[in-house]
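Take a look at this one; I'll ask things after.
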Amino acid sequence: MTSDLLAPGGRLSVGWPTLPGAARTPDRHDGVVFAVDLQPGAVLRPLEPWRAEEFLTNLDRCRDYIAPWVGPSFVATDLASARAVLQRYADSQARDTGLILGIWLADRLVGGVMVVAMDAAAGTCEVGCWLEPSATGRGLITQAATRLIDWLVRARGIHRVEWQTLAANEPSIKVAQRLGMTRDGVLREAIPPRPGRSERADLEIWSVLAPEWRLHLPDTI
Ligand SMILES: CC(C)(COP(=O)(O)OP(=O)(O)OC[C@H]1O[C@@H](n2cnc3c(N)ncnc32)[C@H](O)[C@@H]1OP(=O)(O)O)[C@@H](O)C(=O)NCCC(=O)NCCS
């Protein structure tokens, strides 16, 4: 291990997918280097294509819950399409245009956060999330997104982090508010009807800028 990888106090300090404040979890065999503790029993770690089966099982538990709110291409229905979703994120990570991290609660993949798109040169990105119903209401997404945004702003130098949500998605809007984001505006009827719906939907754009983030969270996690 190079000396710049492990900062004083055992905190992992550099290199994707290491996040600020990542702690070593000596009793874990997988993800030991890259796991970040969010809460007791809850960890954040890369969600790579080899975990497609776990991802599909997670989606099976939350497909109906998340389908109205996330892009249809994310909601895989079989192993091949689940692997394709994760491979798309792996490819975007390799191109430095995105990434996906999973949240495990009691060793079960329950959701995650992602960089949907990133333009590092322009200093802009969009982040997103999903969670299965049994894991909601305990702050996991707010905590995971906080880790991710802190890394994007402080380690990657991203200036503008965007959050796009359907206007009717109250839980998602509350996450944006908890992250200290500002509602930039509404793209009226920007989203075509989702399966089972006949009407188009409004899309809200929320964002936090780097100086605002540093005020929201004065110290690196
Ligand atoms: C959006 C979504 C991820 C939000 O899930 P969530 O559990 O409400 O969000 P968090 O993990 O941040 O938890 C916040 C909730 O936990 C509570 N909470 C408990 N401990 C907390 C803590 N330490 N920190 C923050 N919140 C905490 C909060 O009060 C809040 O509950 P409330 O809304 O009843 O007040 C979830 O509803 C979801 O997956 N929806 C479907 C997919 C989706 O909409 N994705 C986003 C597309 S834009």
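If you wrap the chain's Cα atoms in a convex hull and average its projection over all directions, what's the area in nm²?
Reported value for the Cα convex hull: 12.4 nm².
Treating only the Cβ atoms of Lys and Arg (+1) and Asp and Glu (-1) as charged, compute the dipole magnitude of region 8-216 about its Cα centre; round to the nearest 20 debye.
Roughly 360 debye, rounded to the nearest 20.
Simple spin-label model, 7 Å along Cα-to-Cβ: Ser134 to Thr182 in nm?
4.1 nm
To the nearest µm²/s, what D does Stokes-Einstein give for region 155-194 at 37 °C and 0.692 mPa s, using the Kirkwood radius over alpha carbon pairs as Rh?
Value of D from the Cα-based Kirkwood radius: 278 µm²/s.
A short reminder: the numbers here are calculations on the coordinates, not readings from a lab. What you are looking at is a predicted structure, and each value in this text was computed from that prediction instead of being measured. Heads up, the Cβs are rebuilt from the backbone with ideal geometry, glycines too, and the neighbour counts pull from every protein chain shown.
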